[in-house]
Every structure is written in structure tokens, then in C-alpha cells.
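Reading through the C-alpha cells given below for one structure.
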């Protein structure tokens, strides 16, 4: 395919890492032999099949090292969305037909829960405060004898807010239910100790510098797991499908790199995020969204009062950020996460999410600060001119 020469990707400043991270070149290098000469099926019994199976199991170990889990409890999926469906639908059982989740979860959780409600499953949606955190007393009150599981994401995709999943799991287990967490925004970025208190953990490689189209699920050995897909005995009958060996190898390498340089990433990226935040919050009419203390180091979501963030995104051109809006039935709607935190629709349309990553540079942050500041000034001037025009 001929690339459009009017689009110079070399100029792009990418600050949308919560949507997807760029693949680490070391990950691609690890994958390449499995995209070319090592092309067999990992389930085959011949020499090449056994070689591929060994590569898959090596990757499984790399992932379990990252999330602190037992090798036999990690299974590969096409991504976090499939894994979330496996967890939510697989943990329901006779006499346990109630789920507790949160209004600020990813659509992969909320849409699955809404589907399950059409099948007679009861779902309780917890509220959050203006910082994006749940009320643990509300969680306590939500349990019933029918509660099968509690599903609360670790790190929010729109705000970077970190829930206290260890305490939430403790409360959940005290009520005899399972605890599930969507780790899409935290695996590979924050320390995870799955075997200590998590029953089900879902994750996706493209959120921590691995390839798209591959993810995984951790099931504690205590969990009575039910598969979604039936055909053969792949993944110990947990998930029947020919294994995506190149993707699995890539995710394993990404996990290995994350284990090795997580502290380094946090220190460097966190400093850049703080510089970005300091300068942008110095602009008049701005406000940080979400908890300042319980927030991941990669993310800064800021409200620019009275400015449509969609206009800012369009004018930023080569700087990629998110306006937190979603497409619903061909209509752009403001972030449900921000509305759940108490923001009006018009206020939610004023929000921009900046999510930094491993390859973000200080020069890019400086350029972004300058460009955003100039755009905000221009938009404010345009609004002032419109107000001053005679009717």
C-alpha cells in the first residue's frame, strides 16, 4: 500500500498512550522470526510445532513474572475485551447471579453487564466521587446473598485514577464473592501481585508496548472458570483457538521489558507528566480532573473551561491527544466517566486527556505546552470577539 505522502508520521507527537502504545522495537525484533520462518502451529506434534509451543510457554512465564502469578493460571486471548467477557460471564453460576461493578468502567465491562441484564442477571453499578474513587461503604451495602463477583478496574482509562483494589478485594472476599479487575491500564506500568488477592485479572499487550490483537486473562486456581469458545483442547480447554504465536511472543517480550524497566519508566514519564501538568494548569480556566494522589504517572486529564476540546484536538494537528468523547450511534457524546464524576455534559466536552509513554520526550512536552497554550489563547480571543459584536 502506498502511503499518503501528505501525512508525515515522523512529525507526530503521540500523547494518546492510554488508547494504545507504540510497539517497542525490541518487541518487533522478537516477533519477526515467528512472522516469517517459524510459521507452524504450536499444537502440532512435529519438531516445528514443539519449538513454537516452547516459545509460547516462555512467553507465559514472562507474563507471570510481570503480574506475580502461577504459570498454570494465565491464558491467552485476543485482547482484554474477550478476557473481560470470559471473566464476567464465566463466574456466574446457579445461585450466584449478581454482579457489582462501577459506572466508570470501560465499555467492555459495562456493555457486557448490560447484555447480561437482558439475560436476567442483576447488576449493581457503584457511583464514584468527584475524584473518581468509589465509596467503600457503598460497596459494602451492595452485596446480596446472590453476589457472584465484584468487577472494579485498577486504573481508569480516561482519568488515570487508581482504585484501592487490594482493599476492595478484601471486602469482596469477606462477602464470599470473587474479585475481578481490568488491568488494561496498569499491567506493565504498575506492580501487580495477582496471586495475593486477585481472582481474575484481564490485560492487553498493546497497552504496554506489545502488539495489538493479543491479550490475556489470569484466573486464580480457586476460580471455577467456564470457557466462551469450544473447539479442541487449546489452553487447557480454557480458550479453544489456534494460538497467535507471533502475538504471544511479542506480549511475552513486552512483559519482560516492563518487568525490567518499570521503575525507570515511572520516574522518567512521571517527571514529564508533572512538567506538562504544571504548565497547562497555569493557563487560566483550567482544572485537573481526577484524584491528584491516586493517579497513574502516565496520565493527565485537564478541563479547559468554556473551550470545546474537540476544537483543540483538530487544531493540534500533529499532536495526538484524546478529547475523552465516545462515538455512540453515530453521535459524539461526552465521556461517561467524567459525567459519572459529576461533570455536566458541556463541562465534559471541555476535557483533554494527555497520556504519556516510554517514548515521550522532553522536547515533545515543551512543544505541546507551547502549542496548546497558543490554541487556548486564540480560541479565547475568538470567543471575546464574538461576544463584542453588535447584535
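The values are calculated or read from the model by the stated rules, or taken from the named source; none is laboratory data. For clarity, every value in this text was computed on a predicted model and none was experimentally measured. A quick note on method: Cβ atoms are made from the backbone with ideal geometry, for glycine too, and the neighbour counts reach across all protein chains shown.
So the values come out like this:
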quantity: Qualifying position, being outside any helix (DSSP H, G or I) and at pLDDT 95 or above, among 59, 20; calculated: 20
quantity: Residues within region 87-104 that are part of a loop (DSSP other than H, G, I, E, B) and either more than 20 Å from residue 217 (Cα to Cα) or in contact with a helix residue (DSSP H, G or I) (Cβ under 8 Å, 6 or more places away or on another chain) (or both), tallied; calculated: 6
quantity: Subset of region 71-86 that is in contact with a helix residue (DSSP H, G or I) (Cβ under 6 Å, 6 or more places away or on another chain) and within 25 Å of residue 175 (Cα to Cα) - its residue that is modelled with the highest pLDDT; calculated: 84
quantity: Scan of region 284-305 for residues that are modelled with pLDDT of 90 or more, more than 21 Å from the chain's Cα centre (by Cα) and over 19 Å from residue 129 (Cα atoms), ordered by number; calculated: 285, 286, 304, 305
quantity: Hey, residue 269 crowded, with 20+ Cβ neighbours inside 10 Å, modelled with pLDDT of 95 or more and within 21 Å of residue 355 (Cα to Cα) or not; calculated: yes
quantity: Failed criterion for residue 191 (all others in (1) over 16 Å from the mean Cα position of the chain (by Cα); (2) surrounded by fewer than 17 Cβ atoms within 10 Å (Cβ to Cβ) hold); calculated: (1)
quantity: Subset tally (residues that are surrounded by 15 or more Cβ atoms within 10 Å (Cβ to Cβ) and closer than 24 Å to residue 263 by Cβ) for region 277-300; calculated: 10
quantity: Test: residue in region 331-350 that is within 20 Å of residue 273 (Cβ to Cβ), surrounded by fewer than 19 Cβ atoms within 10 Å (Cβ to Cβ) and touching a residue at least 12 places away in the same chain (Cβ under 8 Å); calculated: no
quantity: All positions within region 62-74 that are assigned to a helix (DSSP H, G or I) and surrounded by 14 or more Cβ atoms within 10 Å (Cβ to Cβ); calculated: 62, 63, 64, 65, 66, 67, 73
quantity: Given (1) farther than 25 Å from residue 189 by Cα; (2) in a strand (DSSP E or B), number of the condition residue 302 does not satisfy; calculated: (1)
quantity: Residue identified as surrounded by fewer than 18 Cβ atoms within 10 Å (Cβ to Cβ) and part of a helix (DSSP H, G or I) among 138, 222; calculated: 138
quantity: Filter result (in a loop (DSSP other than H, G, I, E, B) and surrounded by 18 or more Cβ atoms within 10 Å (Cβ to Cβ)) within region 105-120; calculated: 105, 106
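Rundown of residues vs (1) farther than 18 Å from residue 98 by Cα; (2) assigned by TED's automatic domain parsing to the domain that holds residue 336; (3) outside any loop (DSSP other than H, G, I, E, B); (4) touching a residue at least 60 places away in the same chain (Cβ under 8 Å), yes/no style:
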{"residue": "150", "(1), (2), (3), (4)": "no, no, yes, no"}
{"residue": "168", "(1), (2), (3), (4)": "no, no, yes, no"}
{"residue": "202", "(1), (2), (3), (4)": "yes, no, yes, yes"}
{"residue": "206", "(1), (2), (3), (4)": "yes, no, yes, yes"}
{"residue": "209", "(1), (2), (3), (4)": "yes, no, no, yes"}
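Yes/no matrix, rows are residues, columns are (1) modelled with pLDDT of 90 or more; (2) in contact with a helix residue (DSSP H, G or I) (Cβ under 6 Å, 6 or more places away or on another chain); (3) outside the structural domain of residue 270 (by TED's automatic domain parsing); (4) under 22 Å from residue 208 (Cα atoms):
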residue: 310; (1), (2), (3), (4): no, no, no, no
residue: 323; (1), (2), (3), (4): yes, yes, no, yes
residue: 342; (1), (2), (3), (4): yes, no, no, no
residue: 356; (1), (2), (3), (4): yes, yes, no, yes
residue: 390; (1), (2), (3), (4): no, no, yes, no
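Conditions (1) in the same structural domain as residue 189 (by TED's automatic domain parsing); (2) farther than 30 Å from residue 125 by Cβ; (3) in a helix (DSSP H, G or I), marked per residue:
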site	(1), (2), (3)
293	no, no, no
307	no, yes, no
313	no, no, yes
360	no, yes, no
